[in-house]
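*Asks:* One structure follows; several queries about it will come next.
The values are calculated or read from the model by the stated rules, or taken from the named source; none is laboratory data. A quick note: this is a predicted structure, and the numbers were derived from the prediction, not measured. Using ideal geometry, Cβ is built from the backbone for each residue, glycine included, and neighbour counts are taken over all protein chains shown.
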Amino acid sequence: MATSIVLTVCAHDRPGIMSRISGIVTSGGGNWLESRMARLGGQFAGIVRVSCDSPDAAKELEKHLQILSEEGIQVSCHNEGDLSDYPYTRCLKVDIFGNDRPGIVTQLAKVISKAGANIEELNTAIESAAMSGHPIFHASGTVCLPDSTDDDALISAIEGLSDDLNVEVATIS
């Protein structure tokens, strides 16, 4: 029976990290299904979902991936979660801009969670304002909602964090 594992990867960024990981996955009989990767603060970070022919094959692949720690590449392996009772029926693409301040990500995450929504993907950055050059917070990503959560209520909750937040939302089909 096929099984999937999720890998989290962290290492000091340098050329060849993905080549090493993908080579071990392939030689270990794994199939690379999807991934997200980024370079932040000189570190490489990634999350990868891999399928294997069986749970035993997944365990064997995990052993081979641990060898990478000798090269400074830390790989953690996790069983794929059960998605059969995932209650989120629709997703929104969100773009949020506002003046930067400490705690803005915490505030944003709390109102999204309190509204009953789930953050599927979130990218944040500090950018320079076009005219003044002062720091502007920018978050973009995907938020998914169950039928019981109203889109407008979620948007209002986010906008209610501050008078200076601009929220743009698009429905994902």
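*Asks:* Taking the range 139-173 as the search range and keeping residues that are within 19 Å of residue 86 (Cα to Cα) and among the acidic types (Asp, Glu), which one is surrounded by the fewest Cβ atoms within 10 Å (Cβ to Cβ)?
*Replies:* Among residues in the range 139-173 that are within 19 Å of residue 86 (Cα to Cα) and among the acidic types (Asp, Glu), the one surrounded by the fewest Cβ atoms within 10 Å (Cβ to Cβ) is 147.
*Asks:* A further question on this structure: Being modelled with pLDDT of 95 or more, in a loop (DSSP other than H, G, I, E, B) and not assigned by TED's automatic domain parsing to the domain that holds residue 122 is true for just one of 39, 20, 14. Which residue is that?
*Replies:* Working: 39 fails: in a loop (DSSP other than H, G, I, E, B); 20 fails: in a loop (DSSP other than H, G, I, E, B).
Selected residue: 14, the only one of 39, 20, 14 that is modelled with pLDDT of 95 or more, in a loop (DSSP other than H, G, I, E, B) and not assigned by TED's automatic domain parsing to the domain that holds residue 122.
*Asks:* Further question on the same structure: Could you name every one of the strands (runs of 3 or more DSSP E) located completely within the range 60-173 that has at least 2 residues being under 30 Å from residue 21 (Cα atoms)?
*Replies:* Details: elements: 74-79, 90-99, 118-128, 135-145, 166-172.
Correct list: 74-79, 118-128, 135-145.
*Asks:* Another one. How about the range 70-99: which of its residues are surrounded by 13 or more Cβ atoms within 10 Å (Cβ to Cβ), under 21 Å from residue 169 (Cβ atoms) and either of a type in the set (Gly, Ala, Ser) or more than 16 Å from the chain's Cα centre (by Cα) (or both)?
*Replies:* Passing the criteria: 88, 90, 96, 97, 98, 99.
*Asks:* Of 136, 112, which residue is surrounded by 13 or more Cβ atoms within 10 Å (Cβ to Cβ) and more than 18 Å from the chain's Cα centre (by Cα)? Walk me through it before giving the result.
*Replies:* Details: 112 fails: more than 18 Å from the chain's Cα centre (by Cα).
Result: 136 is the single residue among 136, 112 that is surrounded by 13 or more Cβ atoms within 10 Å (Cβ to Cβ) and more than 18 Å from the chain's Cα centre (by Cα).
*Asks:* Hey, another quick one. Going through the range 73-91 one residue at a time, which ones are modelled with pLDDT under 85 and aliphatic (A, V, I, L, M)?
*Replies:* Filtering the range 73-91 for residues modelled with pLDDT under 85 gives 81-89.
Selection gives 83 alone.
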